[in-house]
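Right, one structure below, let's go through it.
Every read-out reported here was derived from the displayed coordinates using simple, explicitly stated rules and does not represent laboratory data. Just so it is clear, the structure is predicted and the values come from calculations on it, not from any experiment. Glycine gets a Cβ as well: all are built from the backbone with ideal geometry, and neighbour counts include every protein chain shown.
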Amino acid sequence: MTPREELIQIQRRLVGDLKREIYDSLYGDCPNLLEYAGSYNKHFEGPIEAVSRTDLLDRVEVSDIVYHGDFHTLKRAQLSPIKILRELVGRGRPVCLALEMFCAGDQIWLDRFQRMEITEDEFLEAVRYESAWGFDWKNYRNLVYFALANGIPLFALDCRDFSDYVPLDIRDVYAAERIVERRRTHPDELLYVFAGELHIAPDHLPAAVDLMIDGPAPLRTIVYQNNETVYWNLAERGEQEAGLVRLADDQFCLMNCTPLVVYQSYRNWAERQEELAQDDEDWWDESSNSLDVSEQVHQLVEIIAEFLEVDASMFDDFTVHLPHDLDCLEVVQDRFGLDEDRMAELIAAIGTAKSLYIPEARIIYLTNLSLNRAAEEAARFVHDQVTLRSRPAPTPRDAFYAEILREALGFFGSKIVNHKRAARRESHYRTLESRLRGHPLGPDDARRLAVARHFLTHKRHEHEVTAARLPARRPGRLYKLPTAMRRSVTGALGHLLGDELYASLFAGELTKTEARALFATDFDSPGVAEGLYFDLVASRSEPFEALEERRSPMEDPVSRPGLRRTSRRNLDTPRGSR
């Protein structure tokens with residue numbers, strides 16, 4: 001199996017895990033969700049054809065109703081209607097924008113807001129936006145204000161009073177009644193319906209509208225977004241860069257994100273994790289179908305370096321890759337000659353849904369648009385820039401602790417960007433182990449239980465070492481765990497340490513000089529990482545006397561084929577600080 005095929009397989013698995021997580025969280029609120037989603041999914045099993053924006057716009061312009069799908073936690077999903085509406089406004093067609101996000105009972109407030117009789121804050125309070133809809137207003141705000149600026153009336157579709165559950169099919173019927181009424185009073189208008197992706201399947205809201213219309217069914221166009229079946233189809237054909245495909249005469253699908261980014265946006269929203277801003281680039285251009293986040297990651301590098309008082313003027317020699325870059329690892333392997341073990345390690349890391357920094361190629365690979373994850377990799381890049389890493393860790397034990405410390409620096413760096421981020425404490429893993437122990441478990445819970453047990457095993461070892469109960473037996477089996485499990489364990493231990501180091505800095509127990517020294521330490525040198533780890537966890541109330549001896553010397557720059565190597569600096573000298 002090629003690295004590309006493995007990436008597709010990994011992404012399929014990660015998306016499947018995320019979907020189960022989402023459906024499990026929503027099933028209690030939406031008991032018919034799986035059946036409803038199944039009816040949606042069947043429309044993507046046929047052939048697909050990459051088409052141009054002209055094909056879509058020509059169809060939209062002659063339609064009576066356009067149904068445009070929304071994934072509520074994905075910012076790009078809310079930006080995409082603006083592209084099409086802008087074209088329609090330029091062509092002079094009267095348009096009304098119908099929105100699922102507002103209840104019909106709040107139409108009076110929507111009308112007052114459109115007439116500028118109330119402020120935005122008054123409007124959001126009147127319609128109880130946070131409790132009623134709850135998805136990020138900043139994302140929808142662009143669409144709403146585009147409509148207001150271009151004289152496009154806004155029309156509320158939903159029927160919920162948000163106190164009781166209303167089945168999805170009943171909401172379709174109510175929205176259809178609203179659409180039919182609007183068609184009756186404004187027959188020459190193009191009604192542009194923006195509703196959840198599942199609602200716009202032909203058997204759902206469009207079918208309900210057709211049944212209620214007297215006379216011929218209105219000419220419709222359905223615009224889906226980022227359907228995963230379409231994406232896997234394109235990816236397996238090597239055409240994942242296609243920006244727009246046609247499924248049928250009246251059905252199109254915009255492709256501006258991978259399924260992994262789409263579903264991860266829900267987890268980020270649920271966990272209140274801020275995401276990287278996504279530039280509203282011209283995704284009409286199929287040759288430019290990527291999320292331009294590189295500049296933002298460069299800014300994160302600058303923020304972390306500035307905080308550490310490190311000169312980052314030369315810290316620009318890296319590239320950022322996203323999940324749609326399915327050929328990324330093959331390029332790395334071919335260009336830099338990575339052996340099979342290293343490639344397997346990288347692929348396994350991606351399989352844990354971890355973003356990662358690949359030092360051999362100066363690549364930051366983001367599986368997730370989470371600001372926290374991007375900041376972690378930015379911090380690891382800074383560490384790579386100020387540390388001369390001449391060799392891989394010599395033993396599995398050295399590699400285990402080196403990985404923990406790199407995770408700690410990554411988490412520390414993410415705290416510089418987002419100080420509210422918190423790591424899971426030992427109590428979390430004790431509670432998790434107690435809750436899951438002795439019960440029949442699915443694969444996800446079995447993995448969580450294993451991570452918790454390995455984490456607690458190492459913590460017991462730490463307590464023995466720091467309490468000077470010698471000789472302490474090393475937990476050797478942890479050092480030889482399979483790559484995916486080992487990274488989960490080292491990530492848990494490293495995040496906790498990074499969180500505590502950041503707290504120590506602001507408690508005055510850790511100085512900037514000491515923090516810089518950590519970033520300048522070669523964790524892969526024999527024996528360094530393990531000793532340093534236990535020094536750090538033993539007591540963060542004392543200075544790091546041993547840190548200076550464990551740092552690698554600042555040697556002359558070395559070159560890597562095809563890459564410009566920035567100069568290395570001794571961070572404790574005036575030349576290496578701002």
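Summary of values
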{"read-out": "Of all DSSP beta bridges in segment 3-272, antiparallel share, percent nearest 5", "value": "20"}
{"read-out": "Cβ-derived FRET efficiency at R0 41 Å, Val51 paired with Glu181, nearest 0.05", "value": "0.80"}
{"read-out": "Long pairs among Lys354/Lys420; Lys19/Lys42; Lys354/Lys480; Lys19/Lys83; Lys83/Lys138; Lys19/Lys75, criterion Cα-Cα beyond 23 Å", "value": "Lys19/Lys83"}
{"read-out": "Percent RCO, i.e. relative contact order, over the chain, from Cα pairs under 8 Å lying at least 6 residues apart", "value": "14"}
{"read-out": "Volume of the Cα convex hull of the chain, divided per residue and given in Å³", "value": "176"}
{"read-out": "Cα-based equivalent ellipsoid of segment 5-144: semi-axis lengths in Å, sorted from largest, via gyration tensor", "value": "30, 25, 14"}
{"read-out": "Simple spin-label estimate for Leu436 and His461 in nanometres, 7 Å along Cα-Cβ", "value": "1.9"}
{"read-out": "Radius of gyration and maximum dimension Dmax of segment 55-96, Cα, Å", "value": "11.0, 31"}
{"read-out": "Protection proxy ranking, peptides 209-220, 84-95, 434-445, average beta carbon neighbours within 10 Å, highest first", "value": "84-95, 209-220, 434-445"}
{"read-out": "Descending semi-axes in whole angstrom, ellipsoid equivalent of segment 3-272, from the Cα gyration tensor", "value": "29, 23, 18"}
{"read-out": "Fully extended contour minus Cα-Cα distance, from Arg447 to Asp339, at 0.36 nm per residue", "value": "36.1 nm"}
{"read-out": "Tilt relative to the chain, helix 259-270 - C-alpha long axis, 0 to 90 degrees, to 10", "value": "80"}
{"read-out": "Computed [θ] at 222 nm, deg cm²/dmol, the chain (DSSP H ≥ 4; -39,500 (n - 2.57); rounded to nearest 500)", "value": "-16000 deg cm²/dmol"}
{"read-out": "Potential extension, Ala217-Glu309 segment - 0.36 nm per residue separation minus Cα distance", "value": "26.5 nm"}
{"read-out": "Cα-centred dipole magnitude for the chain, charges only on beta-carbon of K, R (+1) and D, E (-1), debye, nearest 20", "value": "2100"}
{"read-out": "Euclidean distance of C-alpha centroids, segment 476-505 and segment 354-405, integer Å", "value": "13"}
{"read-out": "Antiparallel bridges, percent of DSSP beta bridges restricted to the chain (to nearest 5)", "value": "30"}
{"read-out": "Label-point separation, Lys480 to Thr511 (7 Å along Cα→Cβ), nm", "value": "4.4"}
{"read-out": "Gain in span if fully extended, Arg424 to Ile170, counting 0.36 nm per residue against the direct Cα distance", "value": "87.3 nm"}
{"read-out": "Pair Asp17, Ile108: separation of 7 Å Cα→Cβ label points (nm)", "value": "5.0"}
{"read-out": "Counting all C-alpha pairs of segment 330-458, share separated by more than 21 Å (%)", "value": "52"}
{"read-out": "Listed residues Trp269, Gly476, Val293: farthest to the positive end of the dipole of the chain (Cβ charges)", "value": "Gly476"}
